[in-house]
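The values are calculated or read from the model by the stated rules, or taken from the named source; none is laboratory data. These figures come from a predicted structure and were not determined experimentally. Reconstructed Cβ throughout: ideal geometry from the backbone, glycine too, with neighbour counts over all protein chains shown. For accessibility, only protein heavy atoms count, side chains too; no ligands or nucleic acids. Shrake-Rupley method; radii C 1.70, N 1.55, O 1.52, S 1.80 Å.
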Amino acid sequence: MNHNIKNVIDEIQPLRDQLKNHELYKSLNSIEDIQTFMEYHVYAVWDFMSLLKALQNLLTTTKIPWTPNEDSASARLINQIIVDEESDLNYNGSPKSHFEMYLEAMEEIQANTEPIKKFLNDEIKLEDIKKHIKNYNIDPSIKSFLNFSFQTIEGWKSHEIAAAFTFGREEIIPDMFLEIIEQTEKSNKVSLNKINYYLQRHIDLDGDEHGPLAHEMIIGLCKNDPRKWEEVIKVSKDALKERIQLWDFINLCIKDKNDSLNKIENPKFANA
């Protein structure tokens, strides 16, 4: 492993461990819990694509007339990742973005997709996105998460966007999550085929393809510039902190909902 990449991973490992062992995963015990999780997590699935498209804009030639790109290696890497993220094959074998696959998985378990669809209903320009986030009725932790992503994008530093994309997003779905989904499916005797497929695709792609490609991309973007590597570490840490804060919020929502249901089902404990 490249020594600079290893140094980044060593620096952010405590936050990665905190995220991987987050209490949220222990709270996912029913279909209702997974519905709640997906209804909030979907915003992170959506803004991930904006990080990816920002990298495409920076690292490939998207203007007409076309001219050769100066960094063909990075262009190839990001285009390979985009093929999967923007036009992968879904559970039924149809080309779909991973965001659309996630919406399909939400619909499969009857999670509410209306808020995210309403959020995206109007065409949003990059210069208006922060105002749109501010005015939309979502929790401050989600707003903070989204604002961090778009603040990173607006800096237009390819190595910082790549850091948020790689170390703050791509590598943090634990195998534990798949096990929880599978156990919930068995105990509740319901079909969770589409969310299972979505998660397995991410785990397979991130571990075998996108992870190594993203590392190569960051190495190419930073080379031996110590300032850029320090910025990669900072952005990666900040991205992970935002994700932990989002997980804290979702975990609290699930607990509060379950506590309310328990009080309804057991009135004698309502005033305990």
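At a glance:
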{"item": "Condition broken by GLU114, with the remaining ones in (1) in contact (Cβ under 8 Å) with a residue 12 or more places away in the chain; (2) among the acidic types (Asp, Glu); (3) closer than 21 Å to TYR198 by Cα satisfied", "result": "(1)"}
{"item": "Subset of segment 47-70 (residues that are of a type in the set (A, V, I, L, M, F, W, C) and buried (at least 18 other Cβ atoms within 10 Å of the Cβ))", "result": "PHE48, LEU51, LEU52, ALA54, LEU55, LEU58, LEU59"}
{"item": "Every residue from segment 159-180 that is under 22 Å from GLN56 (Cβ atoms) and at pLDDT 70 or above", "result": "HIS159, GLU160, ILE161, ALA162, ALA163, ALA164, PHE165, THR166, PHE167, GLY168, ARG169"}
{"item": "Candidate set: segment 29-41, residues that are polar (S, T, N, Q) and out of contact with any Lys or Arg (no Cβ under 9 Å at 6 or more places or on another chain); chosen: the one most open to solvent (accessible area, probe 1.4 Å)", "result": "ASN29"}
{"item": "Pairs where the first residue, in segment 29-43, is closer than 13 Å to ILE116 by Cα and the second is of a type outside the set (A, V, I, L, M) and outside any helix (DSSP H, G or I), C-beta under 6 Å, 6+ apart", "result": "GLU39/ASN112"}
{"item": "Segment 209-220 residues that are over 14 Å from SER72 (Cβ atoms) and open to solvent by less than 50 Å² (accessible area, probe 1.4 Å), paired with ones that are at pLDDT 90 or above and not in a helix (DSSP H, G or I) (beta carbon under 8 Å, 6 or more apart)", "result": "HIS215/ASN2"}
{"item": "Qualifying positions in segment 138-155 - open to solvent by 40 Å² or more (accessible area, probe 1.4 Å), in contact (Cβ under 8 Å) with a residue 12 or more places away in the chain and either in a loop (DSSP other than H, G, I, E, B) or of a type in the set (Gly, Ala, Ser) (or both)", "result": "ASP139"}
{"item": "Number of the exception - LYS130 against (1) over 17 Å from the mean Cα position of the chain (by Cα); (2) over 30 Å from ARG227 (Cα atoms)", "result": "(2)"}
{"item": "Residues (within 22 Å of ASN137 (Cβ to Cβ) and of a type in the set (S, T, N, Q)) located in segment 84-118", "result": "GLN110, ASN112, THR113"}
{"item": "Candidate set: segment 72-93, residues that are hydroxyl-bearing (Ser, Thr, Tyr) and free of Cβ contacts under 8 Å to residues at least 24 places away in the same chain; chosen: the one farthest from GLU209 (Cα to Cα)", "result": "SER72"}
{"item": "Some residue of segment 199-220 being in a helix (DSSP H, G or I), within 19 Å of GLU32 (Cβ to Cβ), modelled with pLDDT of 75 or more and not basic (Lys, Arg)", "result": "yes"}
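Each row is one residue, and each column tells you yes or no for (1) open to solvent by 30 Å² or more (accessible area, probe 1.4 Å); (2) in contact with a Pro (Cβ under 6 Å, 6 or more places away or on another chain); (3) at pLDDT 90 or above.
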| site | (1), (2), (3) |
| --- | --- |
| VAL8 | no, no, yes |
| LYS20 | yes, yes, no |
| SER27 | no, no, yes |
| SER72 | yes, no, no |
| TYR91 | yes, no, yes |
